[in-house]
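Please read the structure below before turning to the comments.
The values are calculated or read from the model by the stated rules, or taken from the named source; none is laboratory data. As the structure is a computational prediction, the values presented were derived from the model and not from experiment. No Cβ is skipped: glycine too gets one built from the backbone with ideal geometry, and neighbour counts run over all protein chains shown. SASA here: full protein model, heavy atoms, side chains in, ligands and nucleic acids out. Shrake-Rupley method; radii C 1.70, N 1.55, O 1.52, S 1.80 Å.
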Amino acid sequence: MEDKTSQFKIILGSSSITRRTILAEMGYEFTLMSADIDEKAIRKEKPEELVMALAEAKADAILQRLPIGDYVKEAEPTLLITSDQVVVYEGVIREKPANEDEAREFLKGYSGGHAATVGSVLVTNLKTGFRKGEWDRVEIYFNQIPDEIIEKLIEEGDALHVAGGLLIENPSVQPYVKQVVGTIDGVMGLPKALTDKLIKEAL
């Protein structure tokens, strides 16, 4: 696969394995940094505003740890990509479940119902200071999810580490996903088309 990053460098400001996988699938080489911010300290009413504010806070936290003067002098620009995601269910914002009981409650709610993911992508050019972000929304409709599948997901533990406990890419869940209006990469936390568009605009 061609490396698209011969004219610039990328830092992915995320510890998410799925975001790492998606960005690599897109043909980019990158280094990793995680922001380690207190996400609960940032509150917004609207999910779109929340995910944008969190992506900006992550970028700001990483920028404080980087020698910005060095990036300004370099011939090749370096782009920092940060993002965030929440799930919206019946108008309520859901982040990562606090415990197994909350994960169970979340998953039971999706059964026969529908949820949406709202995710942000923010690209900051460390050489020029240019910064632009946008958000992406995907609607997901579910058939009835049997209790034993919900228990299996909780036992495996992955549901505790993702926004809203939502794992539509999990093979156990896939048969119960009725319809996805939007892209799977958007659900997984890094919409490819939007990320590509913002990278091009930031250069």
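Numbers at a glance
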{"item": "Checking Thr183 against (1) hydroxyl-bearing (Ser, Thr, Tyr); (2) open to solvent by 30 Å² or more (accessible area, probe 1.4 Å); (3) farther than 21 Å from Ala24 by Cβ, the condition it does not meet", "result": "(3)"}
{"item": "Residues being open to solvent by less than 30 Å² (accessible area, probe 1.4 Å), out of contact with any strand residue (DSSP E or B) (no Cβ under 9 Å at 6 or more places or on another chain) and of a type outside the set (Gly, Ala, Ser) - total across segment 78-118", "result": "2"}
{"item": "Hits in segment 164-197 - residues which are within 15 Å of the chain's Cα centre (by Cα), under 30 Å from Gly129 (Cβ atoms), part of a helix (DSSP H, G or I) and not acidic (Asp, Glu)", "result": "Gly186, Lys192, Ala193, Leu194, Thr195"}
{"item": "For Ala75: the one exception among (1) open to solvent by 70 Å² or more (accessible area, probe 1.4 Å); (2) over 25 Å from Ile154 (Cβ atoms); (3) assigned to a helix (DSSP H, G or I)", "result": "(3)"}
{"item": "Pairs where the first residue, in segment 39-60, is open to solvent by less than 30 Å² (accessible area, probe 1.4 Å) and the second is in a helix (DSSP H, G or I) and not polar (S, T, N, Q), C-beta under 7 Å, 6+ apart", "result": "Leu54/Glu39"}
{"item": "Residue list for segment 119-140, filter: open to solvent by 20 Å² or more (accessible area, probe 1.4 Å) and of a type in the set (Gly, Ala, Ser)", "result": "Gly129, Gly133"}
{"item": "Ile140 being in a strand (DSSP E or B) and touching a Leu at 6+ places or on another chain (Cβ under 7 Å)", "result": "no"}
